[in-house]
Amino acid sequence: MEVKRDSILSLPIDNESDIGICRRKGANLASQMGFDKVKAGEIAILISELGTNVLKHGGGKGKIVICQIEDENMRKAIEVWCCDSGDGIPNFKKALQDGFSGKNTLGFGLGTIVRFSDEVEINPLVSQGFKESYFSGNHDYKHCLRSIKWVPKKQWSGLNNKLVIGAASRCHPAEQLNGDAYLVTNVNHNISVAAVIDGLGHGKEANLASERAKEQIILKSELPLDSLMKHTHNSLRGTRGAVIGLTRINTETNQLSFTGIGNIECFIITENGKKTPISFGGILGHNMRTPRIFEFDFQPGNTLCMYSDGITTRWRHEDIKWDESPQKNAEFILSNYSRQNDDATILIIRYDS
């Protein structure tokens, strides 16, 4: 395939700080090219995994080249090359399996790179001029991986402007990374998917699990809730695991669906009182029962509230003014009712008329 290259960045990978530079420059280029925030975030994760693999498996030194390409049909993509001086990947197919690792690591990197790419090649042919211009230096780069992600065709999925969202989250006071996560993503202008995620424990490993779950839910948000929960469960194998409350809101049919694994609290405030869906025991990534879906009417004026066990139960829903700003309420509850020995997260979604 003949391509034109533009906006070419050639960046060294010699230490951890170089990975952050590459990630930021790649995400910035992706945004300039027309990728949305989610896709630009995927590219940032992809570049981080490539850089991490250089330091852990690729001889400790390498180079990442990021550029815009355009094919003969005027389709544009971001192209990421990562070259190193390691021993290569002896069994590429096996290495794609999450949990496989040649060293003492979790083994998610290559699988994540492939999932976030439209095309991946190992040691592809490249012109001598391109090689000399962008991979020259003091190191002999023996192995390269090339990733391509095409700019999506412009397709308006819309925002669900009927939903007003508020969220507040903080990590364990003794940690720097949050083991909790939350998300609200739109499938289209009528359907939104929301989740509160609690990685087991706290700190780095809990953060890894919760962020991975968040990433997979965003990627596969169009799936039915039970399939989405199973997909997330499989994606967390090999991590510490997480518990999750997962909802889908349809403002065209005024329906809310919920499924939960583990101790994420959830309730719905309606004019007729409080409704409480049930979560079932288990840990995603380790053991999970078949997800059960609960269906509720969700009318204008109703409010959904989900929170992790870092929020105590020493508060009553009757004491909250649910017609006030969801963000104000979320910050108030986090500030006054969170535990000091855990991560804490609360997500509030009000359906405005």
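The values are calculated or read from the model by the stated rules, or taken from the named source; none is laboratory data. This one's a predicted model, so the numbers in the text were calculated from it and none came from an experiment. Don't worry about glycine lacking a Cβ; one is built from the backbone with ideal geometry, like all the others, and counts go over all protein chains shown.
Some notes on this structure:
- Of all the numbered requirements in (1) acidic (D, E); (2) within 15 Å of the chain's Cα centre (by Cα); (3) farther than 14 Å from R115 by Cβ, D226 misses one, and that requirement is (2).
- Number of residues in the stretch 229-245 that are within 19 Å of V114 (Cβ to Cβ) and in contact with a Leu (Cβ under 7 Å, 6 or more places away or on another chain): the value is 5.
- Sole exception among (1) crowded, with 21+ Cβ neighbours inside 10 Å; (2) at pLDDT 90 or above; (3) not acidic (D, E) for L11, by number: (1)
- Within the stretch 163-177, the set of residues being in contact with a strand residue (DSSP E or B) (Cβ under 6 Å, 6 or more places away or on another chain) and buried (at least 17 other Cβ atoms within 10 Å of the Cβ) comprises L163, I165, G166, A167, A168, S169.
- In the set S353, S338, S325, S308, only one residue is over 30 Å from E175 (Cβ atoms) and polar (S, T, N, Q); that residue is S353.
- Taken over the stretch 188-212, the criterion of being under 19 Å from I249 (Cα atoms) and in contact (Cβ under 8 Å) with a residue 40 or more places away in the chain is satisfied by N190, I191, S192, V193, A194, A195, V196, I197.
- Taken over the stretch 240-258, the criterion of being under 16 Å from the mean Cα position of the chain (by Cα) and over 13 Å from A181 (Cβ atoms) is satisfied by G241 alone.
- Elements of type strands (runs of 3 or more DSSP E) in the stretch 242-331, at least 1 residues being surrounded by fewer than 18 Cβ atoms within 10 Å (Cβ to Cβ): 242-250, 255-261, 265-270, 273-275, 294-297
- Within the stretch 1-25, if we keep just the residues that are of a type in the set (K, R) and under 27 Å from the mean Cα position of the chain (by Cα), the residue that is nearest to N53 (Cα to Cα) turns out to be R23.
- Taken together, the criteria exclude A209 from residues that are aliphatic (A, V, I, L, M), assigned by TED's automatic domain parsing to the domain that holds L246, assigned to a strand (DSSP E or B) and at pLDDT 90 or above.
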